[in-house]
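To start, the structure itself, in structure tokens.
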Amino acid sequence: MDKTKIETLIEEVPKVLFINGQWQEADGGKQTEVINPATGQVIAHVANAGEKETEQAITAAEKAFPKWSGLTADERGAWLHKMADAIRGAAKDLAVVMTIEQGKPLNQAEAEILSGAACLDWNAEEVKRLKGETIPGPTGELLLVQHEPLGVVAAITPWNFPSAMITRKMAPAIAVGNTVVLKPSPETPLSALALMALFDKIGLPAGVVNIVTGDAKAIGGVLTADNRVRKLTFTGSTAVGKMLFAQSADTVKKLSLELGGHAPFIVFEDANVDKVVADLVAAKFRNNGQVCTSPNRIFVHESIQATFTEKLVSAVEQVKIANGLDENASAGPLIREDAIEKIDKQLDDAKGKGAKILSGGERLTGAEFDDGYFYKPTVITGITKEMAIFYEETFGPVLPIITFNEDDEVIEAANDTLYGLASYFYTNDIGRIAEVGRRLQYGMVGVNSINISYPQTPFGGVKHSGFGRENGAQGLSDYIQVKFLNITYKK
Ligand code: ADP
């Protein structure tokens with residue numbers, strides 16, 4: 001791609017805060033760097049805000065709330081459709097911005113951006129079906145259950161899906177009439193600001209969505225402590241999620257926490273190995289394994305282990321790691337140097353305890369890779385519970401293989417984690433599908449499928465993977481509160 005075109009696209013993204021419909025610098029003009037993980041180069045400087053600007057953003061959202069929540073569902077829905085159209089019209093340019101700051105291949109970036117448009121469209125329609133209830137009162141009174149918005153919603157989002165994590169929070173939140181203060185990830189602020197610039201261009205009313213980039217601790221501190229913020233929705237690490245949970249106790253905030261995962265991927269002996277390998281490679285190398293639903297522990301029945309592993313290694317060796325701008329790239333770099341250090345540490349620990357690397361197992365080197373954070377696609381076998389990788393989320397291109405013999409044994413091992421987000425299993429036995437599906441302690445189960453995320457289905461976890469759901473009717477209802485009215489009208 002033309003270098004000047006890329007530079008122009010990055011140049012055009014506002015690098016400042018968006019509060020009450022105005023672009024503004026952080027206090028004192030403070031800024032932070034944004035790095036391209038494929039080259040290690042600084043590509044932009046964005047405003048570094050703190051407590052004061054966060055309070056301003058909350059005030060703006062609070063001010064916008066009465067009018068926005070006073071619109072009809074149809075009127076707000078129309079805005080969401082307009083936002084979706086704007087995203088679709090700019091998807092290719094937004095994808096370039098995302099690839100430069102996040103690293104994923106352009107086609108994955110564009111697919112993510114389009115999924116955000118689909119999410120806005122879906123919520124635009126679903127809000128029109130947010131029905132309440134009428135209940136016949138025992139003495140003839142009219143008992144009503146109505147839904148209403150919460151008020152100001154704070155959203156804190158991660159870098160792995162810099163656009164979709166915003167739209168999946170913002171779409172249901174504003175569809176039902178809330179207003180939003182968004183704090184995107186410091187690694188990927190440009191995707192968030194570029195989205196906001198689009199919404200500004202189509203004239204979304206001031207204060208409905210506000211963006212504050214900068215000091216995570218200071219911004220998070222104000223967002224959690226302020227009583228005007230009635231909900232916090234967060235996607236990120238379990239460690240930060242627990243902290244925000246505790247910080248929100250004092251103001252009794254409603255919360256949605258979408259935290260880490262450690263997905264089991266179980267291959268039973270009757271599965272179609274070719275399909276499984278194709279699905280597994282597609283799922284694992286999407287965003288280079290930096291996904292909370294990424295298959296992280298691959299359980300393979302002993303009787304098919306040899307064939308499966310051989311086919312998997314050969315498929316993994318076809319994965320092309322490259323700068324995401326390369327149109328042949330199937331995966332890009334990792335986000336930061338410490339992501340590489342974490343993988344090396346897990347692999348060293350496993351190797352020291354008897355595991356064997358079948359492919360990869362080290363950083364990618366060479367002219368095009370040396371300045372970025374690239375890692376070889378890795379298959380490692382002989383994994384046991386003594387190894388850290390069995391219990392720790394990896395967030396990288398590593399496929400650890402564990403063999404099993406019995407259904408009970410693999411279900412127990414799959415559930416042997418504090419996480420409970422996504423899980424997958426492959427079998428054609430209907431009895432086993434029902435039984436394993438029932439017993440897996442996860443919020444989402446892919447049965448002969450890696451697809452667990454749609455605008456119309458609930459996404460979220462159990463145990464330390466968090467609570468609350470995004471997408472689907474359940475996702476929308478996480479952004480409302482219930483009000484009961486007794487209307488006694490008989491004289
Ligand atoms: P990762 O380690 O993958 O970057 P984090 O959980 O640290 O995941 O980050 C997810 C989001 O949480 C980011 O927007 C980040 O800035 C934010 N964050 C990190 N620490 C805090 C904090 N103390 N308070 C509020 N937000 C935070």
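The values are calculated or read from the model by the stated rules, or taken from the named source; none is laboratory data. Bear in mind that the values here come from a model prediction, so they are computed numbers and not experimental data. Cβ sites come from the backbone with ideal geometry, for glycine too, and all protein chains shown count toward neighbours. These area figures cover heavy atoms from the full protein model, side chains too; ligands, DNA and RNA do not enter into them. Shrake-Rupley method; radii C 1.70, N 1.55, O 1.52, S 1.80 Å.
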Out of (1) within 16 Å of the ligand (Cβ to nearest atom); (2) in a helix (DSSP H, G or I), the one residue 233 does not meet is (2)
Filter the range 377-395 down to the residues that are of a type outside the set (A, V, I, L, M, F, W, C), out of contact with any Lys or Arg (no Cβ under 7 Å at 6 or more places or on another chain) and buried (at least 19 other Cβ atoms within 10 Å of the Cβ) and list them by number. 377, 378, 393, 394
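Let's see how each residue does on (1) more than 16 Å from the ligand (Cβ to nearest atom); (2) open to solvent by 10 Å² or more (accessible area, probe 1.4 Å); (3) within 21 Å of the chain's Cα centre (by Cα):
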residue	(1), (2), (3)
175	yes, no, yes
226	no, yes, no
241	no, no, yes
246	no, yes, no
263	yes, no, yes
267	yes, no, no
271	yes, yes, no
Using beta carbons and a limit of 9 Å, which pairs, at least six apart or on different chains, have the first residue in the range 71-95 and surrounded by fewer than 19 Cβ atoms within 10 Å (Cβ to Cβ) and the second one of a type in the set (Phe, Trp, Tyr) and modelled with pLDDT of 95 or more? 71/79; 82/199
Residue pairs qualifying under the 8 Å Cβ cut-off, at least six apart or on distinct chains, with the first in the range 210-222 being among the hydroxyl-bearing types (Ser, Thr, Tyr) and the second being within 9 Å of the ligand (Cβ to nearest atom), are 213/183; 213/184; 213/186
Scan the range 13-31 for residues that are under 14 Å from residue 214 (Cβ atoms), part of a strand (DSSP E or B) and open to solvent by 50 Å² or more (accessible area, probe 1.4 Å) and report the count. 2
Condition set open to solvent by less than 10 Å² (accessible area, probe 1.4 Å) and at positive phi, scope the range 177-222, selection nearest to the ligand (Cβ to nearest atom): answer is 207
Inter-residue pairs, beta-carbon under 7 Å, first without any contact (Cβ under 8 Å) to a residue 40 or more places away in the chain and in the range 472-483, second open to solvent by 30 Å² or more (accessible area, probe 1.4 Å), 6+ apart: 472/456; 472/457; 472/458; 474/458
Residue among 156, 135, 113 that alone is among the β-branched types (Val, Ile, Thr) and open to solvent by 30 Å² or more (accessible area, probe 1.4 Å): 135
Only one residue in 252, 281 is open to solvent by 10 Å² or more (accessible area, probe 1.4 Å), at positive phi and more than 16 Å from the ligand (Cβ to nearest atom), so which one is that? 252
